[in-house]
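All remarks here apply to the structure that follows.
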Ligand SMILES: *Cc1c(COP(=O)(O)O)cnc(C)c1O
């Protein structure tokens, strides 16, 4: 890298350091262009994106169909607020409801807002339909969850970095071990005030933890038995990422019969975000059937930007891309290939202890202590070798490329990853 080249990246990094709050610790690479599975830095170096903005860019960077939708709608009508009707929202809501097979959508913007929406919806349902006493509703959550950054959400996180000195915390949550069906039954059978069970079908931020087979089905069955709402946070796992339209799949419109895993669960409340817009715009939403969503009345909840015409146009285009380009099927096929190739490497290596995941949401676990910086150093070297990934909690590296990847590109990435790991061992 020449001195001049160093300057462009360093300038951008220095500005962020000086004028931006230090709420992230980015990998030092400054991007200014993206197309499909690739991004470019300000010096013109090309990389495979193996994070996809935490699975927001499942459809690939700057997908022409999604970009066209942003352009067209922002030139026509961008925002009305919900004080008036607009001609985009209704058709969009119909499309999303038919796509995911629910009666109603409550449109929001970010994932955390959608989680908040689901929690409010669940509580109100519990008071008005289940008949719980005022302020008594409790919602079960899982240890090591990640549901976003709002005050209520971090109240039931157990990540000290996310929580410490942000109290006082919101009451009404019970934490149980993830992937432990007995722990769930124990709470449900002993506590009459449980309104819902909030769960990630695969724990993404925690390090791509895939629950044991049948866990989600059994959890849903228990929720039914105790009249408790099963709330799936599919902000990261949803929209084709795990090789099916939804990680809970359920009665979804995914045609992919050969996909992995057996969960076939329809959540009572489904939370979506991230890839709903393919990364072009913040779009999230909560889906539920009428008997639940009907508790929401005018004034109970809202958002100035939620369901705006640009969001409606963008999300429609983004979901059409997922369907038309068969991204769930591609993620399923390439994910199997990825894990089998990485497993071949693992047999020869001491450095990586395992690869796990579903579809193209995968992680490798580095065989080193949790507080070592090996995963970070590997990500730095992957960057040098043309592939961008980021460590998650512990010594774990998540691999989540855009789902528009081809098999040849994936094999190219596998060779970059294994070559880099070999440099380390
Ligand atoms: C990213 C994420 C969220 C929060 O989404 P934001 O858009 O960042 O607020 C919530 N739940 C899960 C599972 C996520 O991965």
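FYI, it's all coordinate maths here, none of it is from the lab. Given the structure is predicted, the values throughout are model-derived calculations rather than measurements. A quick note on method: Cβ atoms are made from the backbone with ideal geometry, for glycine too, and the neighbour counts reach across all protein chains shown.
Here the gap between residue 411 and residue 224, fully extended at 0.36 nm per residue and compared with their Cα-Cα distance, gives a gain of 63.0 nm.
Think of it as helices only: each DSSP H run of n ≥ 4 in the chain is worth -39500 (n - 2.57), and spread over all residues that comes to -11500 deg cm²/dmol at 222 nm. In this entry, region 64-324 is assigned a mean projected area of 14.0 nm², taken as a quarter of its C-alpha convex hull surface. For the peptides 197-203, 124-130, the ranking by mean Cβ contacts within 10 Å, running from highest to lowest, is 197-203, 124-130. Ordering 190, 353 by the number of other Cβ atoms within 10 Å of each residue's own Cβ, fewest first, gives 190, 353. With axes computed from alpha carbons, what is the tilt in degrees of helix 111-125 against the longest principal axis of the chain, rounded to the nearest 10 within 0 to 90? That helix lies at roughly 20 degrees to the long axis. Relative to the first principal axis of the alpha-carbon coordinates of the chain, what is the inclination of helix 374-384, with its axis defined by its Cα atoms, in degrees from 0 to 90 and to the nearest 10? Rounded to the nearest ten degrees, it is 60.
Region 123-187 and region 1-80 have Cα centres separated by 34 Å. Between 16, 320, 134, the Gaussian network model of the chain with springs among Cα atoms under 10 angstrom shows the greatest mean-square fluctuation at 16. Where both bridge residues fall in the chain, DSSP classifies roughly 65% of the beta bridges as antiparallel. Within the listed set 148, 111, 60, the residue fluctuating most in the Gaussian network model of the chain (springs between alpha-carbon atoms under 10 angstrom) is 148. For the chain, relative contact order (Cα pairs under 8 Å, six or more residues apart, normalised by length) works out to 23 percent.
Taking 22, 393, 63 in turn, the Gaussian network model of the chain (Cα-Cα springs below 10 Å) assigns the largest fluctuation to 22. Its relative contact order, with pairs defined as Cα atoms under 8 Å and 6+ residues apart, puts region 336-425 at 29 percent. How far, in degrees from 0 to 90, does helix 89-100 lean away from the longest principal axis of the Cα atoms of the chain, to the nearest 10? Compared with the principal axis, the helix lies near 80 degrees.
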